[in-house]
Structures are given as C-alpha cells and as structure tokens.
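Notes for the one structure printed next.
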Amino acid sequence: MPGEAMIRILDGNTFVLSDTRGDIEASPTFPTGFFSFDTRFLSTWRLTLDGESPQPLSVDDVRYFDVRFFLVTGGAGEYVDAKTSIIRERILSGGFDESITVLNHSRSPIDLTLRVDAGADFADLFGVKGSQGGKGRVRVRVEEGALRFIYQRETFRRETIISSSERCDIDERGFTFTVHVDGHGRWSTRFRVRALGSDGREIRTSLQSTRPGVKTLTRDEVDAWLEETPRLISDNEVLTRTYKRSLIDLAALRFSPLISGGSTLPAAGLPWFMTVFGRDTIFTSLQVLPFVPALAAETLLELAAMQAHHWDDFRDEEPGKIAHEFRYGETAAFEEQPHTPYYGTADATPLYVVLLDEYERWSGDADLVRRLESVARAALGWIDNYGDLVGNGYIWYQRRNLETGLENQCWKDSPDSISYKDGRLAPLPRATCELQGYAYDAKIRGARLARQFWNDPEYADRLEREAEELKQRFNRDFWVEDGQFYALGLDPEGKSVDALTSNMGHLLWSGIVPPERAGRVADHLLGPRLFSGWGVRTLATTEGRYNPVGYHVGTVWPFDNSIIAWGLWRYGFRKEVARIASAIFDASQYFGGRLPEAIAGYDRDLTDYPVLYPTACSPQAWSTGTPLLLVRALLGMEPKGDTLACDPFLPAGFTQLGLLEVPGRWGRVDIVHGEREVRPATVRVTSPL
C-alpha cells in the first residue's frame with residue numbers, strides 16, 4: 001500500500017515519523033507523529049487535494065533533519081501523466097516548518113481545494129509504545145490565525161500551535177485552502193508547527209529553565225564535528241557508504257540531556273529511545289573512541305552528574321550506581337514510571353569504569369581521571385556493596401520496583417531473554433555471565449587508575465586481587481563442561497542457566513576467559529548454531545526459546561557483534577573478526593548503510609537478504625557505532641602508551657583500508673594498510689592534538 005514505509009527526520013530529542021506521502025496518521029501499528037522530549041505533539045497531519053490523497057513519487061531524505069516528498073494527483077493504478085504535482089518540504093528546528101507547493105504542468109489554470117487535517121493527542125512515548133492514552137484533557141482553539149491544541153493534566157501542560165503563511169479557513173480539525181494556479185504556475189504555503197511546554201515557551205526552552213543544558217547542536221556545530229572525524233580510506237563501497245552514514249547518524253542523535261550544562265550525548269535510538277541511556281551511551285562511546293574521543297569525556301561527565309547517592313526502591317537506585325534511562329514526558333512527571341532517572345541496570349556501573357580507563361588510554365586526559373576519582377570509586381564500591389545480592393562475589397540483579405521496573409537488568413532486557421537450554425525462564429535474582437566479565441574488567445582497569453593517577457597502590461593491589469579471585473571463581477562456576485561453553489548465567493541456587501548465547505563474546509572482550517578456553521568460545525560463536533551468516537545470533541538455534549524474530553532470543557544485533565569482534569581480536573582470532581565484519585557490512589547495504597537495532601536470525605541461505613526486526617530502532621546509537629568499532633578491530637588499533645599500535649587483517653574483497661587523522665594522545669596519525677596479508681600498517685604522525 002502506498003505510503004506505508006516509515007520516513008524519519010530528527011533533530012536531537014525532536015523527530016518526525018511519517019509515511020512516504022509525508023502524512024501522519026497515528027495508529028497502534030504505525031506510530032507516526034511529531035515528537036519532542038517524549039511527547040507526541042502531532043498525531044494527525046494529512047494532505048488532500050479535492051478530497052483525495054496524492055500518490056508518492058519519491059522521497060529525498062538524504063539529510064537527517066529535513067525531507068522532501070514528491071507527489072502527484074491521480075489514482076495509484078492510473079498511468080502517471082499527472083497535470084498537477086506537489087512538493088512537501090519539511091525541516092526540523094525545534095518545532096518543524098513545512099512548505100507545500102502545488103505545481104500546474106498544464107497550460108490552463110486550475111482551481112482546487114487543498115486540505116490539511118491536523119490533530120494532537122499529546123501521547124507520552126511510553127503510552128504510544130503501549131497503546132495507552134494520557135489522563136489529561138485535550139482542548140482545541142482557533143485563534144489569531146492559528147490552530148492551537150492544549151493538553152492539561154494538573155500542572156503538566158503541553159501545547160501545539162500551527163500557523164500558515166497563506167490565508168485559509170481554519171477549523172478545529174485543520175486548514176482549508178482555495179487554490180488557483182495559473183498555467184505552468186505554482187502556489188505555495190508554509191506551515192510553522194510549534195511545541196510548547198508547561199510555561200508556554202518552546203518545549204526545549206521550557207525544559208531548559210528547570211534542567212540547564214537541554215539543547216541540540218546547531219547545523220554548523222554538527223558540520224564542524226563531522227569535519228573532525230577521521231577520513232576512511234577503503235576500496236569497499238559498502239563500507240564507505242556505511243561509515244559515512246554512521247557518522248551522520250551519530251551526529252544527528254546527539255543532544256544535551258539535562259544536568260551537566262553543555263555535554264552532548266547520543267540518544268539511544270529512534271523512535272523509542274530518544275534519551276540518554278547509561279549502558280547504550282557507554283557502549284557507543286567505547287565504539288567510537290578512535291573517531292570521536294571527546295564523546296567519551298562528555299558521557300563520563302553527564303553520567304557522573306546522575307550517579308546515585310541514595311537508596312530508592314521505586315527507581316532501583318543504590319549509592320554509586322550509574323543511571324539507566326531518563327525521561328521527560330507525562331508518565332515520568334507523575335511518577336507512573338520511574339525514569340527521572342531510573343537505575344534499573346546492572347551493567348552500566350562497571351562499564352563506566354571501563355570507559356574511564358579506555359578513554360584515558362586513548363586521550364591521555366589524566367585530569368579527567370583525577371576529577372572523576374570519587375565517581376569511579378563509588379561505582380567500584382557498588383559492585384561489591386550492592387551488586388552482590390546473594391553474597392557469593394557475583395553481580396546479580398532483581399528489581400525492587402515490581403510494577404514498572406525492568407525484570408531483566410542486563411543488556412538483553414526483554415522479559416524472556418534469560419532462559420535455560422530447554423526454554424524455561426530462570427528465577428530471580430539472576431547473575432548473567434557478561435556482568436561478571438564487566439566487573440572483572442572494571443577492577444583490572446580501576447587498579448591501573450588507582451596506581452597511576454589516584455596515588456593509592458594499596459587499593460590497586462586489592463582490586464587486582466579481587467579480580468583474580470573473581471576470574472578463578474567464574475571459570476569454575478560458569479563453565480558448562482559437557483558443552484564446552486559459558487552458561488548464560490546462574491540461578492539463585494547456583495545452577496547454570498545453560499542456554500548457548502552470544503554473551504560469551506562479551507567475556508572475550510573483558511578478558512576473563514583463559515586462553516585455553518578461548519578457542520572453544522570462538523568456535524561456538526562462529527558455529528552454525530549461533531552464526532547466521534549475517535552475524536552472531538543472540539540465542540542459538542538449538543535452544544528451547546529460540547525465535548529468529550524474538551527480540552533477544554535469536555535475532556542478530558550489530559552492536560553485539562561489534563563487541564564480540566573486539567573480544568575475538570583480543571584473543572588473536574583475526575579471521576573470525578574479518579568474518580563477522582564482512583557479514584555486518586554486507587547486511588548494511590540492504591538498509592542504505594544504516595544498520596538497524598536488530599535483524600532477524602534467519603540463516604543467510606534461507607532469505608538471501610537480512611530481514612529487519614519488526615520494531616527495530618533506526619538509527620540507533622550503538623548500531624551507528626558498530627561499523628566504526630569493526631574498522632578499529634580490522635586495523636588492530638590499540639593504544640600503547642603514547643603511540644598507536646596496529647595489527648591489521650582485512651576480509652576477503654578488501655585490498656585497502658585506512659584512516660587519516662586518527663585523534664589521540666599521540667596527536668593525529670594516519671593508518672593505511674594496502675595488503676591483505678597480516679603485517680604492520682603504515683602509521684604516520686600528521687599533527688599534534
């Protein structure tokens with residue numbers, strides 16, 4: 001059916017989803033709208049000419065913040081020789097502007113009625129996802145040449161004001177224009193749609209008055225930011241396109257969320273997660289360190305500002321814990337969900353320490369490491385003081401907010417993601433394997449920071465001793481001997497949650513796997529049960545709960561694969577890294593270079609092309625970071641003191657791969673590898689930072 005594809009443009013926390021005609025007709029199965037800071041300010045925006053919807057010809061959405069729709073009149077089944085065409089041009093800048101131009105391609109003048117239906121339901125994004133409406137009241141007014149929609153629930157107020165540059169008849173459901181167009185002439189009007197907050201000001205300004213720092217990068221700032229990123233050298237057109245698309249999407253997702261007053265972070269993903277996510281933001285910062293190291297510093301500062309200092313059951317908050325998610329909408333304002341912020345994740349806290357160390361290794365920014373010492377110490381303290389719910393030295397999780405808290409507080413956070421091999425769900429609390437790897441890595445890295453920057457060698461010794469004890473204990477308790485793989489987790493009785501999953505790749509990345517077991521792990525990850533041909537599945541095909549279109553029980557996540565590839569590289573599995581990278585790059589070409597959140601886990605020889613997961617976010621921050629981390633792994637880039645080492649291995653089909661102007665503590669360097677055999681690439685220092 002024409003118009004049913006989703007067209008998206010975004011500007012930080014503000015975005016528009018429409019069909020290919022440019023229309024917005026919100027429904028539970030097609031959640032289009034104009035959204036800003038978790039509220040839908042337009043739920044209806046539909047164009048008709050003489051009562052008929054025009055047909056789409058093409059869409060120009062090359063830039064992320066604007067789009068043009070080219071339309072013609074006439075039925076979909078008719079031979080297209082239209083005498084009238086329409087161009088809708090939409091641009092986001094806080095609210096959005098839309099111009100509608102009618103072109104007459106005949107010699108005779110035409111008269112027609114142009115109608116734009118408008119409506120605003122002010123649905124909270126959580127309500128849109130769950131098909132639930134708000135509890136307030138919507139009023140509609142026609143006043144001063146504009147259409148005003150007002151939503152009120154106690155002191156929570158949101159407004160949408162729509163005005164047109166051309167005279168028209170305005171009623172409570174939209175705008176009607178009587179249009180006359182001379183032969184070969186044109187007619188146009190321009191709409192301005194404004195989204196207002198509780199104080200009657202633009203929503204971004206309104207929130208900024210209570211949360212300093214809420215802003216979005218200007219176009220010039222984005223362009224300047226992109227100019228600073230390394231230039232890719234590659235003879236692979238798919239990778240070149242994907243690399244460029246990833247950098248643009250990463251820039252588009254950036255916004256300044258709340259407290260720090262200037263930091264800009266990538267929102268987690270469009271449409272459901274246009275906000276700060278602790279885990280996602282940390283992983284994205286790790287993925288893009290060789291390309292945009294400043295993003296890691298901004299992430300560290302922002303998440304430090306939200307670090308927990310209290311115990312709060314409603315928010316799953318504990319001292320030292322790093323926040324999971326922050327929301328701005330109605331349900332958050334009335335504490336119908338705990339995201340102001342919410343702390344229901346067990347991985348962001350150890351990952352924070354990992355990012356702090358990795359950032360210093362790349363940047364040499366010792367000042368920030370010293371500035372955030374208390375934050376990192378509190379995060380390390382949380383691992384032992386609060387993360388160990390059972391008292392056996394592992395990180396466990398169990399929600400205390402039983403109504404709206406997340407049941408699974410690892411990265412596979414859907415309700416059915418943690419199961420035994422036979423498909424039974426594991427009881428709570430749960431200790432998933434990758435959490436222990438993160439804790440091990442955090443302690444090792446925290447020890448380095450304590451010894452080199454915090455002048456506390458005793459603390460460093462203690463952390464290293466605890467890390468080694470954790471490693472020994474983990475490899476005893478999580479190893480499934482008869483399958484030669486690591487269990488997904490432990491249940492409260494200490495029994496293995498013995499499903500075969502992709503989580504093992506994160507263990508390679510953390511370094512908790514002994515070298516003698518790494519080969520078996522790699523064999524499983526690239527074996528037929530887990531590897532689909534498009535990437536590593538989240539759950540093996542032999543497991544009871546496997547579903548190729550299940551969110552975390554059989555799909556392929558590009559982000560997951562990038563971390564797995566990084567882990568494989570750490571243990572020297574270069575061919576396996578290349579195989580995963582090739583699969584992900586191949587998949588990207590079917591999505592215009594924009595990797596989605598997840599793709600179905602069907603075997604590659606079954607579908608011949610990757611199948612999009614039905615409700616996948618796109619763009620999504622850690623999917624945009626995936627190609628960048630894969631390039632790092634292929635080039636084997638690793639900071640060694642004040643120099644950048646590399647050990648490249650290129651996939652089949654590549655004859656050249658390089659990066660120019662890679663930033664870091666070494667200044668900026670060029671890395672160019674022009675041969676397929678393994679050998680050191682050419683590294684050339686080009687300038688100091």
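The values are calculated or read from the model by the stated rules, or taken from the named source; none is laboratory data. Predicted model only: the values in this text are computed from it and were never measured. Using ideal geometry, Cβ is built from the backbone for each residue, glycine included, and neighbour counts are taken over all protein chains shown. Protein only, heavy atoms only, side chains kept; ligands, DNA and RNA dropped before computing areas. Shrake-Rupley method; radii C 1.70, N 1.55, O 1.52, S 1.80 Å.
Provide the packing ranking of 149-159, 335-345, i.e. peptides ordered by the mean count of other C-beta atoms within 10 Å per residue, highest first.
Ranked by mean Cβ neighbours within 10 Å, highest first: 335-345, 149-159.
Any chance you could look up the accessible area of residue 495 with a 1.4 Å probe, heavy atoms only, rounded to 10 Å²?
Counting only protein heavy atoms, the figure is 120 Å².
Could you work out the relative contact order of the chain? I mean the mean sequence separation of Cα pairs under 8 Å and 6+ apart, divided by the number of residues, in percent.
Over the chain, the number comes to 10 percent.
Take the solvent-accessible surface of the protein heavy atoms, probe 1.4 Å, and return the percent of it on the chain that carbon and sulfur atoms account for.
Accessible surface attributable to carbon and sulfur in the chain totals 47 percent.
Counting only protein chains, not ligands or nucleic acids, how are 606, 232, 508 ordered by accessible area (probe 1.4 Å), most first?
In descending accessible area the options line up as 606, 232, 508.
Please report how far the C-alpha centroid of segment 569-628 lies from that of segment 458-482, rounded to the nearest whole angstrom.
Each part's Cα centre sits 33 Å from the other's.
Decide, for segment 94-159, between rounded, prolate and oblate: order the square roots of the alpha carbon gyration tensor eigenvalues as a ≥ b ≥ c, take rounded if a/c falls under 1.5, and otherwise choose prolate if a/b is larger than b/c, else oblate.
prolate
Just read off the accessible area of residue 322 with the full protein assembly in place, 1.4 Å probe, to the nearest 10 Å².
0 Å²
For a quick protection proxy, order the peptides 353-359, 525-531, 384-390 by their average other-Cβ count within 10 Å, most packed first.
353-359, 525-531, 384-390
For the chain, what proportion of DSSP beta bridges, expressed in % and rounded to the nearest 5, is antiparallel?
Antiparallel: roughly 100 percent of the beta bridges in the chain.
Any idea what angle helix 373-385 forms with the longest principal axis of the chain, computed on alpha-carbon atoms, 0 to 90 degrees, nearest 10?
That works out to roughly 70 degrees.
Taking Kirkwood radius over Cα pairs in Å straight from the coordinates, which label in (i) 26.5; (ii) 28.7; (iii) 29.8 is the correct one?
(i)
With a ≥ b ≥ c taken as the square roots of the eigenvalues of the C-alpha gyration tensor of segment 269-378, please select rounded if a/c is under 1.5 and otherwise prolate if a/b is larger than b/c or oblate if it is not?
Because a/c hits 1.5 or more and a/b fails to exceed b/c, segment 269-378 counts as oblate.
Probe of 1.4 angstrom, ligands and nucleic acids ignored: what's the accessible area per residue over the chain, in square angstrom?
Each residue of the chain exposes 37 Å² on average to a 1.4 Å probe.
Among rounded, prolate and oblate, which fits segment 269-334 when a ≥ b ≥ c are the square roots of the eigenvalues of its C-alpha gyration tensor, a/c under 1.5 means rounded, and a/b larger than b/c means prolate?
The shape class here is oblate.
Ignoring everything except DSSP H segments at least 4 long, calculate the 222 nm mean residue ellipticity for the chain; use -39,500 (n - 2.57) per segment, divide by total residues, nearest 500.
Mean residue ellipticity, 222 nm, calculated: -9000 deg cm²/dmol.
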